[in-house]
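K.L.:
There's a structure below that I have some questions on.
Derivation of every value follows stated rules applied to the coordinates shown; laboratory data play no part. Predicted model, so just to flag it, every value in this text is computed and none were measured. Ideal geometry is used to build each Cβ from the backbone, glycine not excepted, and the neighbour counts take in all protein chains shown.
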Ligand SMILES: [Zn+2]
């Protein structure tokens with residue numbers, strides 16, 4: 001179930017480097033908000049990357065549609081409340097490589 005996420009409280013939470021920081025936490029589902037500078041991006045950003053991909057490898061419209069559909073259906077990928085761009089990149093590359101034969105380097109250079 002997707003949550004709309006709203007926070008009226010903050011709690012201490014360890015960020016990646018082990019430092020405790022106050023984070024807004026969703027009052028609905030208890031998920032901590034990503035307050036780092038590594039913020040997730042909207043799906044439209046990745047759709048643009050996909051259209052760029054056509055210049056670098058052979059990829060059909062059908063493949064692009066399937067990739068976009070799978071990303072859209074991934075609740076973690078689209079949940080900008082907590083996901084970081086770094087995590088999105090991993091998911092994105094994983095999904096693209098299921099459909100298209102392309103190296104990580106090419107994908108990372110486009111992101
Ligand atoms: Zn929530």
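K.L.:
Which distance in nm do the two modelled labels at residue 72 and residue 27 give, with both placed 7 Å along the Cα-to-Cβ direction?
P.N.:
3.3
K.L.:
Over all Cα pairs of the chain, how is the pair count split among 10 Å bins, expressed in % and running from 0 up to the last occupied bin?
P.N.:
13, 40, 26, 16, 4
K.L.:
Using only Cα atoms, find the angle between the long axis of helix 85-99 and the longest principal axis of the chain, and express it within 0 to 90 degrees, rounded to the nearest 10.
P.N.:
30
K.L.:
Assuming R0 = 22 Å, can you tell me the calculated FRET efficiency for the pair residue 108 and residue 48, based on Cβ-Cβ distance, to the nearest 0.05?
P.N.:
About 0.90, to the nearest 0.05.
K.L.:
Additional query: Taking Cα pairs under 8 Å and at least six residues apart, what relative contact order does the stretch 37-110 come out at, in percent?
P.N.:
Averaging sequence separation for qualifying contacts and normalising by length gives 45 percent for the stretch 37-110.
K.L.:
For residue 65 paired with residue 35, estimate the spin-label separation in nm (one decimal), with each label point 7 Å from Cα along the Cα-to-Cβ line.
P.N.:
Distance between the two pseudo-spin positions: 4.4 nm.
K.L.:
Here is a further query. Where does the chain land at 222 nm, in deg cm²/dmol rounded to the nearest 500, when only DSSP H runs of n ≥ 4 count, each adding -39500 (n - 2.57), divided by all residues?
P.N.:
When only DSSP H runs of four or more count, the value is -12500 deg cm²/dmol.
K.L.:
Cα axis of helix 43-53 to longest principal axis of the chain: angle in degrees, 0 to 90, nearest 10?
P.N.:
The angle comes out at about 30 degrees.
K.L.:
How many percent of all Cα-Cα pairs in the stretch 54-111 sit more than 20 Å apart?
P.N.:
23
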